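Here the structure comes first, spelled out in structure tokens, and everything after it is commentary.
What follows draws every value from the coordinates through simple rules; no lab data is involved. As the structure is a prediction and not an experimental result, all values here were calculated from the model. Every residue, glycine among them, receives a Cβ derived from its backbone with ideal geometry; neighbour counts consider all protein chains shown.
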Amino acid sequence: MVKYGHLRCEEIFAMSLLAILEFPDRRLRLKARPVAEITDTIRALAKDMLETMYAAPGIGLAAIQVSQPIQLIVLDISEEKNQPMILINPRLVPLGDERSCYDEGCLSVPGFYETVERPAKVQVQALNEHAEPIEFVAEGLLATCIQHECDHLNGKLFVDYLTTLKRERIRKKLEKQHKDADGRA
Ligand code: GNR
Ligand code: NI
């Protein structure tokens, strides 16, 4: 058995990085549909999404960002990048009135970071990749990240919380970048 660090060789050949849609792509505005059945195909997609997220690097990724408008998100907010979470059909309930601010970024809005205020604490209900119900309370960065990912499932982006002026500036800059990239291709 050939070993590459902690990866076995068949794991390396099985790696696939997915293309991430970028704002203002209209496909990011779709509403994701619930996952009806948690199959090997869904588990394989979740694995590819985690690899894509780690490679980016990012702390979360919603399936809609990789052109699959289904209610599937992955995240890992750990320092060591060894605590992957897969959440399917997630539901959020804000707990209490406390709100917190984080400088947010998004892999679909590369290079831009802005402060967004959200509920500080949320109750999370979802299914894991084995179709088992999971439920927990999220606070801090985890609460922010899960809310950011669940927004994606509703076609919403963090730039929607900004002023129209800021959002339009970001849109124009990204559109120019996309045009320049197309011109080089
Ligand atoms: O990598 C990401 N970092 C981040 C930072 C603050 C708040 C939310 C996020 S999520 C983002 C990855 C992403 O775009 N997920 O949809
Ligand atoms: Ni995002």
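Here is how the numbers come out for the structure above:
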quantity	calculated
Max mean-square fluctuation residue, GNM over the chain, Cα-Cα springs under 10 Å, options ARG43, ARG169, ARG33	ARG169
Neighbour count of at most 13 Cβ within 10 Å plus DSSP loop: longest GluC sites (Glu not before Pro)-free window in the chain	99-185
Choice from GLY96, GLY140, GLY60 showing the highest fluctuation, given a GNM over the chain with Cα pairs closer than 10 Å	GLY96
Magnitude of the charge dipole, segment 1-131, Cβ model with Lys/Arg +1 and Asp/Glu -1, debye to 20	400
Rg over Rh, two decimals, segment 105-180 (C-alpha only, Kirkwood Rh)	1.07
Isotropically averaged projected area of the chain, using the convex hull of Cα atoms (one quarter of hull area), nm²	12.2
Segment 54-164 shape via C-alpha gyration tensor axes, a/c threshold 1.5	rounded
Residues whose placed amide H lies under 5 Å from that of GLY155, excluding near-sequence neighbours	ALA32
Fluctuation leader among PHE158, PHE112, PHE136 - the chain, Gaussian network, Cα springs under 10 angstrom	PHE136
Distant-in-sequence amide H partners of LYS121 (H built 1.01 Å from N, under 5 Å)	LEU95
Lys, Arg +1 and Asp, Glu -1 on Cβ, resulting dipole of segment 69-166 about Cα centre, debye, nearest 20	260
Placed amide H near PHE112: partners under 5 Å, 5+ positions off or other chain	CYS106
Residue list for segment 52-77, given a label point 7 angstrom along the Cα-to-Cβ vector of PHE136 and an amide N cut-off under 17 Å	59-61, 73-77
Under Karplus coefficients 6.51, -1.76 and 1.60, residue-wise ³J(HN,Hα) of segment 128-135 in Hz, glycine/proline x	8, 5, 9, 6, 8, x, 10, 8
Global geometry of segment 87-136, whether rounded, prolate or oblate, following the gyration tensor of its Cα atoms and the 1.5 cut on a/c	oblate
Packing-based exposure ordering (other Cβ within 10 Å, fewest first) of ARG99, ARG184, ARG167	ARG184, ARG99, ARG167
The chain, helix-only ellipticity at 222 nm - DSSP H runs n ≥ 4, -39,500 (n - 2.57), divided by all residues, nearest 500	-10000 deg cm²/dmol
Segment TYR161-ALA44, extension gain: residue separation times 0.36 nm, minus the distance between their alpha carbons	38.9 nm
